[in-house]
1. Evaluate the distance, in nm, between pseudo-label points positioned 7 Å from the Cα of ALA73 and of LYS111 along their respective Cα→Cβ axes.
2. Mind checking region 59-110 for GluC sites (Glu not before Pro) that DSSP puts in a loop (not H, G, I, E or B) and that have at most 11 other Cβ atoms within 10 Å?
3. Residues of region 40-61 with backbone nitrogen within less than 12 Å of a virtual label 7 Å along the Cα-to-Cβ line of ALA95, please, listed as ranges.
4. Separation between the SER64 and LYS48 pseudo-spin-labels, each 7 Å from Cα along Cα→Cβ, expressed in nm?
5. Exactly which trypsin sites (Lys or Arg not before Pro) in region 58-101 are in a DSSP loop and have at most 10 other Cβ atoms within 10 Å?
6. What are the chymotrypsin sites (Phe, Trp or Tyr not before Pro) within region 38-100 that DSSP puts in a loop, where the Cβ has at most 14 other Cβ atoms within 10 Å?
7. Give me the net charge of GLY86's neighbourhood, meaning all other residues with Cβ under 13 Å from the Cβ of GLY86; Lys, Arg count +1, Asp, Glu -1.
8. Tell me, what is the percent relative contact order of region 43-112, built from C-alpha pairs under 8 Å that lie six or more residues apart?
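Only the coordinates and a few stated rules stand behind these numbers; no lab work does. Since this is a predicted model, take the numbers as computed values, not measurements. Don't worry about glycine lacking a Cβ; one is built from the backbone with ideal geometry, like all the others, and counts go over all protein chains shown.
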Amino acid sequence: MRKGLVFIAIAAFVYACGGSSAPAESNSSAGAKAVAAVAKPDGEKIYKQYCVTCHGLYGDMGASGAYNLQESALTLEERINVITNGRKAMTAFEALLDEKEIKAVAKYTMKLGE
Ligand code: HEC
């Protein structure tokens, strides 16, 4: 019941925004972007924020012994594990990033070797 009410409140809010004087088109695309940001974190953005200090922009900087991500043969699951729990000099990101963000950034590191 509570959930239903929250949903109605959100729907009413979205409806109210859509009904404002601004052009409907720009409103709906802004809404879609906001939804995408929540549903699918941007791995590249997270990488640039948290990982470049050691791995570098292209994954091959190797500061503090950071592994060259272009040459990494780890699977997505293994990368998620390293990022979540850390390994040697690499800090654990469990406290900083949520599961979806870790998965997104792990996926992004797979692209660095391409
Ligand atoms: C403090 C420096 C540091 C930061 C920040 C850092 N790493 Fe690392 N990373 C390392 C080091 C050092 C290793 C190698 C660990 C070892 O020798 O076992 C490593 C290893 C890895 C590996 C394993 C590669 C392999 O093939 O074994 C992955 C994947 C990885 N890092 C991803 C990330 C991602 C994604 C981020 C950002 C969320 C990140 N790292 C941030 C230092 C860092």
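1. Spacing of the two 7 Å Cα→Cβ label points: 2.5 nm.
2. For GluC sites (Glu not before Pro) across region 59-110 that sit outside H, G, I, E and B with at most 11 neighbouring Cβ atoms in 10 Å, the list reads GLU71.
3. No residue passes the distance filter.
4. 2.2
5. Counting only loop positions with at most 10 other Cβ atoms within 10 Å, the trypsin sites (Lys or Arg not before Pro) in region 58-101 are LYS88.
6. Here the sparse-neighbourhood loop sites are TYR58.
7. Numbers: positive: ARG79, ARG87, LYS88; negative: GLU94.
Around GLY86, the charge tally is +2.
8. Numbers: 80 pairs, mean separation 25.0, N = 70.
36 percent.
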